[in-house]
Amino acid sequence: MSQANIPDINPQIAIKRDDVINLFIASLAMEELGLSHIINAEAEKLQFVLGTLHNASLKPPATFKEVLETNESVRLMLREISRKEQVLNDRLELIINVSSNSNPPDPPNPPIPPDPPEPSEPFVLADEPSQLPEEKAPADTLSGHSSTITTDPADSADIDDIIIKGEIDSSEETDHL
């Protein structure tokens with residue numbers, strides 16, 4: 001067995017957009033031509049079995065069972081051809097859509113979000129803002145704890161730097177019990 005001859009191929013491909021679209025359309029046309037030949041061959045198969053093909057017929061003629069088997073074979077083949085036609089139609093519609101947008105505009109640049117403001121005071125969690133004193137959040141109604149969240153101003157962007165502190169106020173704890 002001999003070795004295959006591999007031609008010297010230049011890896012640089014320079015095809016313009018219009019040439020690519022034309023090549024796609026040509027490939028679709030070639031596939032359609034191939035399908036038309038298959039449909040013609042299936043028609044000739046039926047004609048041969050039925051004895052209507054010019055200068056060719058079965059001797060003896062086909063039985064009813066053979067005609068039904070041939071018909072089922074042709075039906076299955078036409079079903080597959082129909083599926084292939086749908087795929088080719090979808091490809092053609094895609095090519096038409098691409099070619100109608102021959103000079104698509106450049107996509108817009110996404111907006112740049114503004115920088116988050118630097119926190120000047122610690123964050124405080126509370127049930128309602130109107131209940132907040134300036135220095136301390138109200139006590140949790142179930143546990144009597146008040147919670148304060150503070151951040152390190154140097155690393156305010158990292159969530160790992162958030163510190164949650166819980167303080168127990170003994171006067172609030174006894175009021176709820």
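Q12 to I112: extension gain in nm, 0.36 nm per residue of separation minus the Cα-Cα distance? Kindly include the intermediate steps, with their values, before the conclusion.
Numbers: separation 100, 0.36 × 100 = 36.00 nm, distance 3.74 nm.
32.3 nm is the gain from fully extending Q12 to I112.
Which percent of the accessible heavy-atom area of the stretch 16-94 goes to carbon and sulfur, probe 1.4 angstrom?
Working: 3750 of 5960 Å².
So the carbon and sulfur contribution to the accessible surface is 63 percent.
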Self-check item: Percent of alpha-carbon pairs separated by more than 16 Å within the stretch 1-88
Solution: 70
Quiz item: Which peptide among 74-84, 41-51 comes first, and what is the full order, when sorted by highest mean count of other Cβ atoms within 10 Å?
Solution: 41-51, 74-84
Exercise. For L53, enumerate residues with amide H under 5 Å from its amide H, sequence gap 5+ or separate chain, H modeled in the peptide plane.
Key: F48
Self-check item: Accessible area (Å², per residue) of the stretch 29-69, counting only protein heavy atoms and a probe of 1.4 Å
Solution: 77
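The values are calculated or read from the model by the stated rules, or taken from the named source; none is laboratory data. Keep in mind that what you see is a predicted model, and the values were worked out from it rather than measured. Don't worry about glycine lacking a Cβ; one is built from the backbone with ideal geometry, like all the others, and counts go over all protein chains shown. Accessible surface is based on the protein model in full, side chains and every heavy atom, while ligands, DNA and RNA are left aside. Shrake-Rupley method; radii C 1.70, N 1.55, O 1.52, S 1.80 Å.
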